[in-house]
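The values are calculated or read from the model by the stated rules, or taken from the named source; none is laboratory data. On a predicted model such as this, the values are computed, not experimentally measured, just so you know. A quick note on method: Cβ atoms are made from the backbone with ideal geometry, for glycine too, and the neighbour counts reach across all protein chains shown. Accessible surface is based on the protein model in full, side chains and every heavy atom, while ligands, DNA and RNA are left aside. Shrake-Rupley method; radii C 1.70, N 1.55, O 1.52, S 1.80 Å.
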Amino acid sequence: MSKYSLGLDFGTESIRAVLVDIATGTLVAEAEEAYPHGVIDRQLPDDARQLPPEWALQHPGDWLASMERAARRALADSGVGPSAVVGIGLDFTACTVLPTTAQGRPLQDIEAYRAEPHAWPKLWKHHAAQDQADRVNALAAATNQPWLKRYGGKVSSEWLVPKALEVLEAAPGIYAVADRIVEAGDWVVWQLTGRLARNACAAGYKGTWHKGSGYPAPEFLGALHPALADLYATKIAGGVVSPGTPVGGLTREWAARLGLAEGTPVGAPIIDAHAATLGAGVSRPGTLFIAMGTSSCHMLLGDDEVLVPGQSGVVEDGIVPGLFAYEAGQAGVGDIFAWFVRNGVPPGLHQEAAASGRSLHDVLSERAARLRPGESGLLALDWWNGCRTPLVDADLGGLILGFSLQTTPEAIYRALVEATAFGTRLIIEDFVSAGLPLGAIRAAGGLTRNDVLLGIYADATGLAVEVCSSVQASAIGAAILGAVAGGAFPGVAEAVDAMGDRPGKVVEPRAEHRAVYDALYAEYRRLVDMFGRDPGSPLKRVRALRP
């Protein structure tokens, strides 16, 4: 009888449940359920007061209710019986954290605290803790904290310490009664099994945990705020385990709710983008995985820990036990192209797209493909949403050089695509310069449907781009961890070999384009230094004039 694993992929707006055959990796069923309250960024449910700017909350009840519906629907559609499911794995957005009681009850669920926004889960894109993040960074730099270099020199406002400090300073009563501050993925596993464990992926990338040295010292936290000193000893207490480690078995209540067998093993979770690395079939050093969408996330595995300029983090056991997982990223990719389509396309192209029944992206890509590398005379910097790697500077803006009266919309579109490809090449060269092996690219995400873009990435980097065949890489990665938790494989790498996605196609670099792209990339690097690294950057001076 065939055996299956259940993967639960918790996204920003919805959850996807998939059933995957553990022997073949075949996705036999999938179901998606939206969260009833979605992203709470205007006001709390049943509360007329407006939330401040940069807030983003969620309702923990949504995660559980939507998980139940999605899992039941996937099981029903597949016809798979409870005894055939060997394990459950899940991924979650991060850093999404919530304050709870010692028993795991969200403070938001308690009537006395329901009207206090700081009692609710703070979604990953809650950016209201920027002031706290700035102070964490300033103090860490001033006191030469060794862990700061693992994160490119800056901690994000999205991460655990700034969010915890925000609660402490803005709602000290909530902070005081919160027995635990928990990553949402760990909290869901806690509900399913009755056991709390911290997953190494979120703890390392978002909670500044290190397998060898642990968390930042209490003295550092206490210098930020005296009441923060015991954050990790009390509110973040709990062992840290690698993703896929069996945390416990499904409780009787949740077995009934999901339609599964009591005791079904549940694995420690992983961050959603990192799960996609496994789902894409990457479990060993040498292949750079890129999740390509509105932004891009770059993942690379290595045998050793080294420091890479601007990296978003390096975590031992963060994705695969026994390996160091490196993360880098570009803060704007697909949303740069979307910006141009919204704001820079003349009426004639809108009419052409409408008449042919195609999107503007398709029309622009087709036209851009007719241009030879360098033919447009344009060169761009891909910083429309700041530069994540390697400069770690959100206060940078985009740039296009070379406009003329002959410049066409498709030339601009191609220059923007090339800029994002050069940004990826810069990340690749920093990885290689640090001594990490890298010989191929594997990509997943919505942008991989654009063949013109894939060809430019292959040409600009000089590396083959292997394209995943499935759009459910994160959910498949979660299912892989479920199979490991259920004992179906001796380790994550073996599970990935059996269940991971196989590339649907490979886009090879074109040798005839190499010389021009090398020349363009050299000029791109000059622009990075001139406008990004130079303290006297005119880009910085111009942006400083904004009110």
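Observations on the structure shown:
- Once the GluC sites (Glu not before Pro) in DSSP loops with at most 15 neighbouring Cβ atoms within 10 Å are cut out of the chain, the longest remaining piece is 55-261.
- For region 269-384, a Kirkwood hydrodynamic radius built from all Cα pairs, placed in the Stokes-Einstein relation at 20 °C and 1.002 mPa s, yields a translational diffusion coefficient of 127 µm²/s.
- Accessible surface, region 277-344, averaged per residue in Å² (probe 1.4 Å): 27 Å²
- Protein accessible area in region 67-185, 1.4 Å probe - carbon and sulfur %: 53 percent
- Sulfur and carbon atoms: percent of accessible area, region 310-424 [1.4 Å]: 52 percent
- Here the relative contact order of the chain, from alpha carbon pairs under 8 Å that lie six or more residues apart, stands at 17 percent.
- Projected label distance in nm at residue 14 and residue 237, using a 7 Å step from Cα toward the beta-carbon: 4.1 nm
- Nitroxide proxy distance, nm - points 7 Å out along Cα→Cβ at residue 395 and residue 506: 4.6 nm
- Accessible area expressed per residue, region 143-258, with surrounding protein chains retained (probe 1.4 Å, Å²): 35 Å²
- When both bridge partners sit in the chain, DSSP labels roughly 70% of those beta bridges antiparallel.
- Normalised per residue, the accessible area of region 43-91 is 41 Å², obtained with a 1.4 Å probe and no contribution from ligands, DNA or RNA.
- Calculated over region 4-92: convex hull of Cα atoms, volume per residue (Å³): 86 Å³
- Axis of helix 514-527 versus longest Cα principal axis of the chain: the two differ by about 70°, to the nearest ten degrees.
- Here residue 235 is the anchor, and the lysines within straight C-alpha reach of less than 17 Å, apart from those fewer than 8 places off in the same chain, are 122, 163, 206.
- Inter-label distance for residue 170 and residue 42, nm, one decimal - labels placed 7 Å from Cα along Cα-to-Cβ: 1.9 nm
- The percentage of C-alpha pairs in the chain whose separation is greater than 28 Å is 57%.
- Its DSSP H runs of at least 4 residues, each contributing -39,500 (n - 2.57), put the calculated 222 nm mean residue ellipticity of the chain at -10500 deg cm²/dmol, to the nearest 500.
- Carbon/sulfur fraction of accessible area - region 448-487, other protein chains in place, 1.4 Å, %: 45 percent
- Debye intensity ratio in log₁₀ form over the Cα atoms of region 144-219, taken at each q of 0.16, 0.20 Å⁻¹: -0.70, -1.03
- Over all other residues within a Cβ to Cβ distance under 12 Å of residue 150, the charged ones net out to 0, with Lys and Arg as +1 and Asp and Glu as -1.
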